[in-house]
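To keep things clear, I will list the structure first and then write my remarks on it.
The values are calculated or read from the model by the stated rules, or taken from the named source; none is laboratory data. Here the structure is a predicted model, which means the values were calculated and not measured. Glycine gets a Cβ as well: all are built from the backbone with ideal geometry, and neighbour counts include every protein chain shown.
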Amino acid sequence: MRQLAAQHLSDQQPLPVAAIFEALALSRATHYRHRIDAPQPDPDSELRDRIQRIALEWPAYGYRRITAELHRRGVEANHKRVLRLMRGDNLLILRRRSFIRTTDSRHTLARYPNLVPELAVTGINQLWVADITYIRLLREFVYLAVILDACSRRCIGWALEPYLEAELALSALRMALATRRVEPGLVHHSDQGVQYASLAYTELLKEQGICISMSRRGNAYDNAQAESFIKTLKYEEVYLFEYETIVEARSSIGHFLEEVYNQKRLHSALGYVPPAEFEQQLRQPTSA
C-alpha cells in the first residue's frame, strides 16, 4: 500500500507553495523569516583559511606580504580584502620599540667619508653594508654582527658572540669574504663604531681591495638598509623566541638567516621575492 501511495505521489505535480503552507498550518512570513535567519555560507572561508595558514608559517608578515605570498601560491586576492580579513581575525602585527646602543663612535681612529650617495648599485658585490645589534638571552645580552649585499639584501656574513669587540665584526667579515667574490670597486659601508674603525678591520678591507665607507656620526639613515634588516630580524625571529643560551641563539638565528631570510622570505624591495631567488634572476641572461 505504501509503495502504491509513494508511486502515486511521485506521479503528481509538485504542490503549490500556498497549499503546503496551508497543510502545515504555517504562514508565508514564518517561512521567509526562517530563510533570512538561516546561517549563510562564508564566501571568504577558503581565503581566510589560506591566510591563516600563511600567517602561522610567517607570523610577522603584514597584509602586503601575505597578499604577495597568496599570489605566489596561485591565489588571486586584492590586498584590501586581505587586510580586512586579517584585521577581522586579529592577525595584524603590533610593533614594539626597544633600543640598546651598540655603536661607540667616541674614538680617535680614522673615519672615512660616506661613499654610498654617489654609488649606483646595479648588481651584487658592489656594496656591502654592515651593522651590529644586541640579542637578549634569559640572563644576559649577546651581540650579532651582520653583513648584507645591498643589491640583493642577502645576508652574506654574520657572527654572534658574548662580547662587543672588533673580533665580532671581523668574524662576520671573514664569512662574507669566504662566501663572496670581491669585485673591483666593492664598497663596504658601516657606521663609525669602534669595531669597524679598528685597525684590524680596516686593514683587512684594504688588503682585499675594498673601499671603506662610513655613515655620518649620529645619522642612522646613512645605513638604512642594515637598520631595516635588523628590525626584520628582531620582529620575525628574535622577539618570537626566548633563547636560554648563546648556543641556542646561534643555532636558531643562523637557521633564520641562512634558510628562512635568504631563501624563503619575500622582500618588498625585491619585488616580493627572496634574496637568493633575486640573485638567481640577476644571473640569468636577459633575452635580446
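So which residues in the range 109-144 are part of a helix (DSSP H, G or I) and out of contact with any helix residue (DSSP H, G or I) (no Cβ under 8 Å at 6 or more places or on another chain), if there are any at all?
Within the range 109-144, PRO117, GLU118 meet the criteria.
Cβ-Cβ distance below 9 Å, separation of 6 or more or different chains: which pairs start in the range 50-69 with a residue that is under 12 Å from LEU91 (Cα atoms) and crowded, with 18+ Cβ neighbours inside 10 Å and end on one that is modelled with pLDDT of 80 or more and of a type in the set (Asp, Glu)?
That search, which allows pairs on different chains as well, returns ILE54/GLU69; TYR61/GLU69; TYR61/GLU236.
Residues that are out of contact with any Ser or Thr (no Cβ under 7 Å at 6 or more places or on another chain), within 15 Å of ILE132 (Cα to Cα), in contact (Cβ under 8 Å) with a residue 24 or more places away in the chain and assigned to a helix (DSSP H, G or I): does the range 256-264 have at least one? Break it down stepwise before answering.
Of the residues in the range 256-264, the ones out of contact with any Ser or Thr (no Cβ under 7 Å at 6 or more places or on another chain) are 256-264.
Restricting the remaining residues to those that are within 15 Å of ILE132 (Cα to Cα) gives 257.
Within this subset, residues satisfying the condition of being in contact (Cβ under 8 Å) with a residue 24 or more places away in the chain are 257.
Filter again for assigned to a helix (DSSP H, G or I), leaving 257.
The answer is yes; a qualifying residue exists.
Is it the case that TYR235 is assigned by TED's automatic domain parsing to the domain that holds GLY123 and farther than 23 Å from ALA276 by Cα?
no
Can LEU205 be described as touching a Gly at 6+ places or on another chain (Cβ under 9 Å) and either part of a loop (DSSP other than H, G, I, E, B) or modelled with pLDDT of 90 or more (or both)?
no
Check the range 172-192 and report whether any residue there is part of a loop (DSSP other than H, G, I, E, B), surrounded by 20 or more Cβ atoms within 10 Å (Cβ to Cβ) and touching a residue at least 40 places away in the same chain (Cβ under 8 Å).
Yes, the range 172-192 contains a residue that is part of a loop (DSSP other than H, G, I, E, B), surrounded by 20 or more Cβ atoms within 10 Å (Cβ to Cβ) and touching a residue at least 40 places away in the same chain (Cβ under 8 Å).
Please go through (1) free of Cβ contacts under 8 Å to residues at least 60 places away in the same chain; (2) within 19 Å of VAL247 (Cβ to Cβ); (3) not in a loop (DSSP other than H, G, I, E, B) for TYR163 and return the number of the only condition it doesn't satisfy.
With respect to (1) free of Cβ contacts under 8 Å to residues at least 60 places away in the same chain; (2) within 19 Å of VAL247 (Cβ to Cβ); (3) not in a loop (DSSP other than H, G, I, E, B), TYR163 is out only on (3).
For the range 120-143, give me the residue count where each residue is within 16 Å of GLN225 (Cα to Cα) and buried (at least 16 other Cβ atoms within 10 Å of the Cβ).
The qualifying residues number 10.
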